[in-house]
Every structure is written in C-alpha cells, then in structure tokens.
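Worksheet: one structure, shown below.
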Protein chains: 4
Amino acid sequence: MASNALYLVCDMINDLVHADGPSKKTYAPELARRKTIENTATALAKARSAGAKIGYVRVGFSSDYRECPPNSRLFQGAKKAGMFKLGTWGTEVHPLLKPEPQDFDIVKHRVSPFYATSLDVILKTNGIQRLYVSGVSSSGAVLSAAKDAHDRGYDVFVLDDCCCALTEEQHQAVIEQVKRMTTVTTAAQVTFNEEFQL
Amino acid sequence: MASNALYLVCDMINDLVHADGPSKKTYAPELARRKTIENTATALAKARSAGAKIGYVRVGFSSDYRECPPNSRLFQGAKKAGMFKLGTWGTEVHPLLKPEPQDFDIVKHRVSPFYATSLDVILKTNGIQRLYVSGVSSSGAVLSAAKDAHDRGYDVFVLDDCCCALTEEQHQAVIEQVKRMTTVTTAAQVTFNEEFQL
Amino acid sequence: MASNALYLVCDMINDLVHADGPSKKTYAPELARRKTIENTATALAKARSAGAKIGYVRVGFSSDYRECPPNSRLFQGAKKAGMFKLGTWGTEVHPLLKPEPQDFDIVKHRVSPFYATSLDVILKTNGIQRLYVSGVSSSGAVLSAAKDAHDRGYDVFVLDDCCCALTEEQHQAVIEQVKRMTTVTTAAQVTFNEEFQL
Amino acid sequence: MASNALYLVCDMINDLVHADGPSKKTYAPELARRKTIENTATALAKARSAGAKIGYVRVGFSSDYRECPPNSRLFQGAKKAGMFKLGTWGTEVHPLLKPEPQDFDIVKHRVSPFYATSLDVILKTNGIQRLYVSGVSSSGAVLSAAKDAHDRGYDVFVLDDCCCALTEEQHQAVIEQVKRMTTVTTAAQVTFNEEFQL
C-alpha cells in the first residue's frame, strides 16, 4: 500500500544553507551547530525507506525578479543581495540532500509553500494525509507550512533538528508555537509511519 | 478619497477575551496587564476617524461543530470545552469593541483569517492595500494574518499593544517574527494614514 | 458509516427562482417548463434519505453592496436591480426547498461557490469525495462549481433536470461541457450512492 | 508607465495544436479553419508592441503522471494517450508562438490556469488589472480562465478568433457564456490599451 506521508523539505537551497554561499552571514553558524543538514539527510533516508513521498520546496525568482513583491522588505532584501535566482546554483538544493527524479519540486515566490504553488494539488492527488516538515528558516517557510497545513486538515509533524533559525531562541519560539497543532519529533525518532495523536 | 486601509480585529470574541468567559483560564491575566481591550478600543476609534474600513474576524462553528477539523488538537480542545459556538454570546465581539453596521464580519473555521473565508475578496473589492492587524492570540490568528497578508502583497502593520498571547515572551517572539515583513506600531502611534516603509 | 456525498444546491434563492420575484423577467419560464424546483425537491428528499449531506449556496451582498465588484457587469447589474441583498427575502432559499438546521449555508459574493467561501473546508472536514451539483444558472454557478470541483479532485455529478438556464440551448451547452469531466444524471435516477465511473 | 495588461495564451502546446501532433484527431481541423495559430501570432505581436506582459499557460505532468488526478476522465484520457509530458516536445508552446525570455511560464495540472499555480501571484506582483485570454480549448482552459479571472476582480477580454473548440457550436456557446462578464474582441480589433466597459 502506498504511504500517505510526504516529507516536505523547505528552502534547503545553496543560497540559504551552503557553507560556500551567502548563508555565511545568516544561518551557517546555527546550521553547523544544530547539524541541520546532516539530520535532514538522515530523515530523508528514513523517509525513502519508509516509502514516504518527498517534496522539495525552493524559493526563487526569474533572473529579473519579475515575481518578487515590490513592497516586501524580506524579498526586496533578497533581490538587492542577488539571491534566489532560479536556474542558478543558489536555488539548487544542497548537494548532500540531492533530490531524486521521483521527488516533487515545488517552486514558490513567497514565504508559505502553500501560497500560489502546486503543493496542495500534489498532496491531494497523491492521497497524502500526514505531512512531515522541516527546513529553513524555522520561523519563515517551516512555520508557514506547519500553520497552513494544519488549517488544510493535514496531520503535521515537524522535525525539530532538521530546522534552523538565526538563533536557538528564535527556533525554540517556533517549536512552542507549532506544538499546539503539530507533533514535534526528530530525525532520530521519526519513522514516517507514526499515527498522529490528538 | 476612500482610504485604502482596513483594520482587522482578530478573534476579540467573548470566549477568548471577556472577563466573564472561559478566558479566565487563558488570556485574561495578560489581557488585563497589557490593556489589550482598551488599546483596541482606542485604535478602533482612530481607524473610524481616519476613514479606514474595519473588519472583525471571528472564529466559530455551528452548534454541532460540523466545520471543526477532527484531527486538530487546537479545535478539538475548543469543542470539548464547548467554545466558539456561532449564534451564542461566546462568539460575539467583546462589548467594548462593538461592530457597527458598515463593518465587515469575517467568520473563520481555522486559525488563519485568510483560509476559506471572504477576507481576500473583501480586501480586493474595496481597494485595500494597507492592512492593520491585531487581536488574540498573537501567535495564532494575528501571526497567520500577518504572514498570509504579506504573501498576498499587502502592506501590513501590526498593532503591538492591541495583541495578546498566553505570556509576554510568546507575544514578543511573534513581534520579532513579524518585524521582518511588517511594520510594528501601537494604538497611541498609529494614524491609519502611514505609508509603508520598505 | 457516514456518507461521503454532499448535494450542493446553487443559488435557488427567491430573487432568482421564486415566481413572485424578479425572476419573472429571467428564469421563471424555463424553471416552470423544466420543473427545476420540483425536481430539486425530489432530489433533496432522496439525498436526505441516503444520508448525504446538503449544502445551500447563496449569492448575496450586504445591503450597501460593499462586497460587490465595481467592475463586474454581472453583479453591477444585480446591484442596479436591488437584487441579492443578504438578510432579505430575496436571498432566502425557495420555500419548497427549505434548508434544515443541519445543512450547510454557503454565502458567496461571486459566481463560483468555491471562490472565497467556506465550501472547500466544509467538504474536507466532512470527508466528502462525491459532490452532486445543481441549481441556477446552469452556465453560472453550476458550471463553475462543476469545473472547480473537478480541478479539486472531487467526483462530480450534475443533476441535469435540477438546473436551469435562460434557454434550453444554453443549458444543453453546459451539459455538453461538463460531460467531459462529470457524470450527468437526473432527480429520478440519482441515488446519492453511485460510484463515479471514469 | 508600465502597462497593466497581460495576455494569457492558454495551452497552445504542440500536443494540442501542432499539426504534427495528436491534435490531428481533435482540434486540428478547427484550428486550421479558424486560423487560431495565425491570429494568436498577430495578437502576440500587438501585445508586445503595446507593452503588455505575456503569460503562457501550459498543462503538463511529470513523465510518471504523479500530478495527474486518478479520478479525472479528462486527464486519465491524456495519460492513456501519453500526452502532456513536461520536458518533451508535446508540452512546448507551438513554434509560431514562441515565448521570449521575459514572458511568464505558468505550468498547470488541472483545467483552470488559476488553480494551484503561480498565476494570481504573478498578476498581483505586476500590477495587472486587464487580462486578455485566448487559447484551447474555448470550453476548457479559456472558459475557466475567464470565469475565475472575473471572480478575482480582473477586467477580462477574450480574443474570440484566437480560441478554438472541437466544433464552432461549442466555441460559440462559450462566447455567449463569457459575454455576460467579459469583453469579447478579436486579434484584428484588439489594441491591449482598451478600457473595460461595464
């Protein structure tokens, strides 16, 4: 029987998480300290063994930033920094977390992986009920994914040690927020076969 | 000229914020300490003077909870407690913040005021570009409203002292999160005529 | 076991289908000739016996038409005619098709019952997979409901003789359109237990 | 000043409109008779001169059809026929209507170009108010685009002679349907600068 689980890996792209990219000034220290990339690789391997589907969310814009919101502080900052260009190294998934051909590739132009993307139709078409979420930043894409998935009726699991924020305090604040509506687990504990507990 | 601003007051309903309701066990102490209701009344008066439109978001379910998600810890808890029944005192807006006939009434069945509601069509139909948001809880409806409004291209302002969470720490975590994409202001400072700054 | 079917009755409101209302100039002759109201009453009774859920879609606006799109020929026409005012007789469901307390009431401000309404969240929360659709007009709300429901992955059935357009030709054009993606049936044939055939 | 118009060319992909593809059994005779491709080329040239933006909608699936709805007669038919594979000739835009680098590419997995795609966020980000629509089929993607765009508040123009259905009757039925909410024009008449008339 096909699994009804999908593991959604959010924004683990070179511009945000590769040690050779601009993340040096942002997430790199926390990523290293939390071992986010290594833990995500572990979780991905377990998800594949368990027969869960995999989806990679990637934030990105055309090279002229035509999809970039003119009044967004967040994304105008990315534009100024020349980040998130589709078709370049910066928006590829980190090489240690390499997608396979059968995985879903979900390109987004905003924070939430659900907004104006194919994510919801992919989940429905594939009978997904349990959604596992992790990535960067905890308070950006991961938090939006968790909140929006809860509202859409999915059973949501957040992989704590596969996430990262600018500081551990910021990350912990998100974990506290999502605990009210999701199950928080880790790369070591997760089986991708767990039942969601109310 | 009609204002392009709307003030969205989220979930300031008796079940969540009235001293005589079940909020005694949840938000009441923080609401009193932060003067959330009084500050919201001040902001509402200023919004009305400035010609901004007003929208009240109210979470609610039919008396048999037929819209209540079976797998949501958050909302099954509300169901067990008998909260959020539409057509009862519990889902009416707090008497000090009384809606007027021309205000918008947006009933929602989930956390985000944008999900499966009339909010986006109301904003578009009325030419709204600047969205002011406050209410309870900071980390629930307010955070979802702010994040979702940002993704939809609105200029978002959060009224800090018109919000409330279970603790001040939880509230401050939200303020830190929304600062990256919204302008944080207060009932005393806000004019409802401010320009959004990148 | 709860049925996974819902019967969606679209815009069978007095302003559009009651012989004493403005429909005299629009749908009344076709409604009488096709026996749309009687057939819908038959289908509703069968749906209730079969344990299917019922949803009534009603188009409507506040009395100042604040949700009415300024650039819509269709809805500005309704505004000029003083139609579709919520809270008045005109937006009540026709008395022969009277809703019961457990039915869903879905108010919409546009043509499609899915756009900016609670419909999709209601369907998901209640485990609905099979959606039965009828109402007026065939080419307006019914066609949008059928197309949008198909795109969202529901198994769609259209009740031919419970619909109505301005002319039989217009109605038949819609039936031809929806045949490619839905099953067309009638009040006499439908059981609300049928399996969807590819 | 940037134009607030976008021309949306729907599903003019080789699998549906190229004389050497499977359209031989479907749209080819009508496409030839109506000169749909030639007219679309004319309209595209005028749109580019007028400074309107261009968006190409393309229906498509991964080669294993993982996004294809299992219960859709329409799309399971396409799967059986091996059509609509992304990354192949069949889902490329017809060579006479070749996209330019600055154009938008909107991939969809269902009938409506608005459902689960980036279309709405593209329109909002670029300040689009006037949406010009054409393509195949008239009763499929074009009709859904026109209806959904109307509901979302856009001023919609349909380019009659740049569309095509299986028969002229089917096409005319769509034109009659969309006339109530859009302005119908032609490749010869359109300027991409017209004001929408109520």
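The values are calculated or read from the model by the stated rules, or taken from the named source; none is laboratory data. Just so you know, these numbers come straight off a predicted model, no measurement behind them. No Cβ is skipped: glycine too gets one built from the backbone with ideal geometry, and neighbour counts run over all protein chains shown. Each accessible area value is taken on the protein alone, full model and side chains, heavy atoms only, with ligands, DNA and RNA left out. Shrake-Rupley method; radii C 1.70, N 1.55, O 1.52, S 1.80 Å.
With a 10 Å cut-off around each Cβ of B:9-18, the average count of Cβ atoms from other chains is 0. For B:K98 paired with C:R73, estimate the spin-label separation in nm (one decimal), with each label point 7 Å from Cα along the Cα-to-Cβ line. For the pair B:K98/C:R73, the computed spacing is 4.5 nm. Label point of A:Q172 (7 Å along Cα→beta-carbon): distances to the other copies' equivalent points are 1.3, 7.3, 7.3 nm, sorted ascending.
In segment D:15-63, a dipole from Cβ-located charges (positive for Lys and Arg, negative for Asp and Glu) runs towards its positive end, and of D:G55, D:P29, D:L16 it is D:G55 whose Cα lies farthest in that direction.
Direction-averaged projected area, Cα convex hull, segment A:40-87: 4.7 nm², rounded to one decimal. Note that segment D:99-114 has calculated 3J(HN,Hα) couplings of x, 9, x, 7, 6, 8, 10, 10, 8, 10, 10, 9, 6, 6, x, 8 Hz, one per residue in order, obtained from phi through the Karplus relation 6.51 cos²θ - 1.76 cosθ + 1.60 (θ = phi - 60°); glycine and proline are x. Distance between the 7 Å Cα→Cβ label points at B:E169 and A:K35: 2.6 nm.
Close amide-amide hydrogen proximity is noted between A:G55 and A:Y7, A:L8, A:V9, A:F104, each under 5 Å apart and 5 or more residues distant or on a separate chain (H modeled in the peptide plane; Pro and chain starts excluded).
Segment D:64-137 and segment C:154-198 have Cα centres separated by 26 Å.
Computed from point charges on the beta carbon alone (+1 for Lys and Arg, -1 for Asp and Glu), the dipole magnitude for the protein assembly as shown about its Cα centre is near 0 Debye. Could you tell me how many degrees, from 0 to 90 and to the nearest 10, lie between the Cα long axis of helix C:36-49 and the main elongation axis, the longest principal axis, of the Cα atoms of chain C? The angle comes out at about 40 degrees.
In nanometers and ordered shortest first, the copy-to-copy spacing of the B:G51 label point, defined 7 Å from Cα toward Cβ, is 2.9, 5.8, 6.3. Helical runs assigned H by DSSP (4 residues or longer) give the protein assembly as shown a calculated mean residue ellipticity at 222 nm of -8500 deg cm²/dmol, each run adding -39500 (n - 2.57) before division by the residue total. Rounding to the nearest 10 and keeping the result within 0 to 90°, find how far the Cα-based axis of helix A:168-179 lies from the longest principal axis of chain A. With rounding to tens, the tilt is 40 degrees. Relative contact order of chain A, taken over Cα pairs closer than 8 Å and 6 or more residues apart, is 28 percent. Taking every protein chain into account, the accessible area of segment A:9-73 amounts to 37 square angstrom per residue (probe 1.4 Å).
Ligands, DNA and RNA left out, the 1.4 Å accessible surface of chain A is 54% carbon and sulfur atoms. For segment A:1-87, trypsin sites (Lys or Arg not before Pro) are listed when DSSP marks them as loop and at most 15 other Cβ atoms sit within 10 Å of their Cβ; the list is A:K35, A:R66.
Rounded to the nearest 20 debye, what is the charge dipole size of segment D:1-137 about its Cα centre when +1 sits on each Lys and Arg Cβ and -1 on each Asp and Glu Cβ?
On the way: 19 positive and 12 negative charges, 67 e Å.
In total the dipole reaches around 320 debye.
Rounded, prolate or oblate, given the Cα gyration tensor of segment C:19-121, with a/c below 1.5 counting as rounded? Working shown, then result.
Values: a/c = 2.14, a/b = 1.31, b/c = 1.64.
Since a/c reaches 1.5 but b/c is at least a/b, the shape of segment C:19-121 is classed as oblate.
On average, how many beta carbons from a partner chain sit within 10 Å of the beta carbon of a residue in D:118-129? Walk me through the numbers before you get to the answer.
On the way: counts 9, 1, 4, 11, 4, 0, 7, 14, 3, 2, 0, 1.
Per residue, the number of nearby Cβ atoms from other chains is 5 on average.
For segment B:97-198, the pair-distance distribution built from all alpha carbon pairs, in bins 5 Å wide starting at 0, is 2, 12, 23, 26, 22, 12, 3, 0 percent.
Normalised by the number of residues in segment D:115-194, the average gap of Cα pairs under 8 Å and 6 or more apart makes the relative contact order 30 percent. Rounded, prolate or oblate: pick one for the protein assembly as shown, where a ≥ b ≥ c are the square roots of the eigenvalues of its C-alpha gyration tensor, a/c under 1.5 means rounded, and failing that, prolate if a/b is larger than b/c, else oblate. In terms of gyration-tensor shape, rounded. Checking the a/c ratio against 1.5 first, then a/b against b/c, what shape does the Cα gyration tensor give for segment B:1-76? Here segment B:1-76 falls in the oblate category. For D:C164, the residues whose modelled amide H falls within less than 5 Å of its own, excluding neighbours fewer than 5 places apart on the same chain, are D:G135, D:S138.
DSSP beta bridges fully contained in chain B are about 5 percent antiparallel.
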